[in-house]
Structure formats: structure tokens, C-alpha cells
1. Counting only C-alpha contacts under 8 Å and six or more residues apart, can you give the relative contact order of chain A as a whole percent?
2. For the residues A:Ser79, B:Ser239, what sequence is obtained by ranking on other C-beta atoms within 10 Å, fewest first?
3. Per residue, what volume in Å³ does the Cα convex hull of chain A take up?
4. Please report the antiparallel percentage of the DSSP beta bridges confined to the protein assembly as shown, to the nearest 5.
5. Cross-link list A:Lys204/B:Lys182; B:Lys4/B:Lys99; A:Lys147/B:Lys99: which exceed 18 angstrom alpha carbon to alpha carbon?
6. What's the percent breakdown of Cα-Cα distances in the range B:1-123 across 5 Å bins, shortest bin first?
7. Can you compute log10 of I(q)/I(0) for the protein assembly as shown with the Debye formula, treating each Cα as one identical point scatterer, at q = 0.06, 0.11 Å⁻¹?
8. Starting from the Cα gyration tensor of chain B, take the square roots of the eigenvalues, sort them a ≥ b ≥ c, and report rounded, prolate or oblate (rounded when a/c is under 1.5, otherwise prolate if a/b is larger than b/c, else oblate).
Amino acid sequence: MISMKLLEINNLNKSFDNKQILKDINLNISSGKIIGLLGKNGAGKTTLIKLINDLLTPTSGEILVKGNKIGIESKKIISYLPERTYLNKEMKVSEIIEYFKDFYEDFDDKKAKELLNKLDLNINEHLTKMSKGMQEKVQLVLVMSRKAELYILDEPLGGVDPATRDYILDTILSNFNDNASVIISTHLISDIERILDEVIFIDKGEIVLQSDADKLRNKEKSSIDEIFRRMFKC
Amino acid sequence: MLNKLLKYDLKYMIKNMSVFYILSIFFAITTRILFNMNQSVMIKILSQISVGCMFAMIANTLINTIMRSWIRFSSSLYKDESYLTHTLPVSKNDLYNSKFIQTLIFFIVGFLIILLSLFIAYYSKDNWISLTNYIKTITTGLNMSTSFFITMAIIVIFLEIFNAIQCGFLGIILGHKKNNGKVGYSILFGFIIYLIAQLIILGLVFIYGLFDSTVMELFKTATINIDVNAFKVLAIVSSLLYLVIITIMSLICKNELNKGVNIE
């Protein structure tokens, strides 16, 4: 595995209307890892992800992706799946594939079509005619069809049935290269525990733990899910 | 990347505007056909309906160009779709320029469609002579050439409407900055910016008037018996000021976008 600083976050703070959402976040993520960004609802996971993806502006601090500030270069290598449906619903799936192909040099349209075909999704269908679940699958396929260096998946398992969760995890595992890293944000820890190399626990806007997943399990002699439950017991 | 962004912005507008273009021309053709038929009572009624529909579509062409430009700007940069827009490997300047050029193109296309519709519905030798005579009467009174009058009229109207569209863009940006997702603030800011822009232009024309007595007459007298040269100067000066204001607002919009966004 190559070990280099893929993502570096220094003293990051984010406030909304004088309410501090993220407090002094410091984080380093290297290549070739699957990282679980774990925390309760409202802990600040999505805010952190949106900051990395230029959807929010930091109050202070810096975010570097391969040494570059967030901008065109960082967006070329980050493939981001938001927690909501965000594609233009007036478009057909085939048009969205064309759109991704136009803007992302690393987008593999053949792979996208193959994955969609496996899911029995018609590429000539308009998104408006698809259910929310189908739209989410299309989004996942598009995101995973890029040969990105960093995949950021915000709650990819939220609101889907257990069978689909397995499918999503398999899709993630079988569609990213070894040099890439994947950050998966979720509160459904037991579902993703098996695939994680690293875990980051976030609570009340602060990173309370960053550890190798196996080391943490051995140290605490319990699963990540159990550790999380103990740590954040209400 | 600007050309790629523009491609999708233009596609969006074509999808949404083509129906008004087609209907506008369709009712222009029906109007023309009905005018050329025997003028029975029923045909006259149908003619009037056709004329009404044509003008409704012409108004829709103009209003929808403005509204759709604002909606596209807002949805693409601040609604759900912004999750894709802001994560594309393109600069904020390109994002803005694409919307600006798209609006400019569709404004010109809309204007041409309106002219084409009117031409189809009403063109005849007699109508053309009446129109040119009417314009000549005005231009003779104003002591200017017909071509200069038409050119200046088009430029001033075009810049005035485009200035309003631009105020809307800046209003959307500042509105979202003030209170994310609340449309009311965007409308309020857009309206305030429009008023400020108009006041600035008026103020600058007044300052120009301090050095040109013919222009100052426009501020001093209520009668229309003023030097016609003042209108010429007013048209040229206000056009230049509109261009300056539009350029400044574009720069403010880009600067604000480059400072970063906060998407809910």
C-alpha cells in the first residue's frame, strides 16, 4: 500500500450564526484506505464532508488534497456521493452519463453502463420516473464509475433495505482501485464494520478518536459497533 | 470547461423556452392566415383570439427568459443540483460566465423570435411604409437618423432589461449569503440592487449634466420643449453607464462566488 498524505486538514473550524459546528479539526488521510467517519446524527460528519467538497466555506483552518487547496485540482480527484438526490431530474440517465463524461476525465462510461445494466436500470429513463431508491443507485454507480483517488460517500446506506446495503458495499469494494481511499460517513456501523481499515469517531464537532480498525478492536476486545455504543451512550 | 457548462445551460433553456418560441411563431402564422381570409364575423373573432395568443406568447418569451435565467442560476448554484455544480472541476468564474452568456444568448434569441413573430403576422408593403413613416416622424423631430434611433432604442432597452437580470443574479448571491435558502431575501436584495443601480445611473447622468446644459435641462424642466440633442446624449451616456454597472455587478458576483458558498 502506498502511504502518502491524500487529505490533510489543519485546525479546521466551522460556525453557523455564532454556533460552532466543527471545532479545531486536525486530520490526515493517506492513500489506499477505507475509512469510516462515524458519529451520531448531528455530530458534524456531513459538515466536514461538505467542507472538503467546497459546498461550505471554512470559518478558519485549511484543507489540502494532495497538497492543493480545495479547488479545481482537488475536485478532479475526489468523487463525492452526497446524502441526497442531487441530479437534474429533467435529464435521462444516459444524458447524466454524458454529463459526467464531459466533466470528469476519469469517468468510465462503459463501466457505468455495465453497473446500471446489472441493476436493471434503464439508461433511457428520466430520473423523474425513477423512485428515490433507484435515483440513489444511479448516483452511486456514477460516483463509483470514476477512477478517483478519494471517494467520499455520505450516508450511502441511509434509508435502504439490508439486501441493498450489501449490494452497495459490494459495489464500493469492487469498484475502487487499491491506491484510492474511501471515506464512508455513517451511523450504521455494524453494516460497514467488516470493510473498514480505519475509523474516525466524531462527536459534537470534534474528532474524538482516529485509529486503525483492527488495532482498536484488539485493544478494546470488542467490535467497532460496540465501542461506538459504549463511547456515545446517551 | 466553459463551453461544456454552456452546452448544458443552453440545453436547459432550449428545453424550457422552445415551447414559447414555437407557439409564438405558430400564432403569428395563424394570425397572418386569418387576416388574409374573408373577414366574416367568425373569422374576425378567430383573428382576435389568434392575435391575443400571439402577444401572450411574445410576453411569455420575454418574461420566461428573465425568470428561467434566475431559476436556473438559483437552482444550479444553491439548490440540490448545486451539490453537483460546485463539485465539478471548474472555476467559479466559469460557472458564473456560463450563466451570463446563456442569458445573453437567450435574450437575443427571444428578441429575434419576437421580431420574427411580428414580421410574420403583420408584414405588408403598406404596413412597412406606415411604420417607416412613423419612425421618420419621430426621428425628424429628434433631428437624428432612423438607423441611429433604432440602434440606440434597441441598445438602451436591451441594456435596461439585462441590467435587471444582472441585479437578480447579484440579489440571489447576496440573498443566499445572508440567509441560506430563503427566497425572500434574494428577491429583496435583487430589488434593492436594482433601485441602487438606477439611482447611480441617474446620479451620474445628473453629474454629467453639470457639464452639459442640454442634459441638465432634463432635470430642470417639465416641458418636452427641450434640446433634442439632450436625448441623444442621454441615450449614449446611459448606455455607457449601464455597461459599466453591468460589468461592475458581474465582478461583484464573481468575487462573492469565489469567496465560497454555504449550501444547506
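Any read-out appearing in this document is the output of simple, stated calculations on the displayed coordinates, not a laboratory observation. Predicted model only: the values in this text are computed from it and were never measured. For neighbour counting, all protein chains shown are included, and Cβ atoms are generated from backbone atoms with ideal geometry for every residue, glycine included.
1. RCO, chain A: 27 percent.
2. In order of increasing Cβ crowding within 10 Å: B:Ser239, A:Ser79.
3. 131 Å³
4. Restricted to the protein assembly as shown, the bridges split so that about 55 percent are antiparallel.
5. With Cα atoms farther than 18 Å apart: A:Lys204/B:Lys182; A:Lys147/B:Lys99.
6. 2, 11, 19, 17, 13, 10, 9, 7, 5, 4, 2, 1, 0
7. Reported log10 I(q)/I(0), two decimals: -0.41, -0.99.
8. Since a/c reaches 1.5 but b/c is at least a/b, the shape of chain B is classed as oblate.
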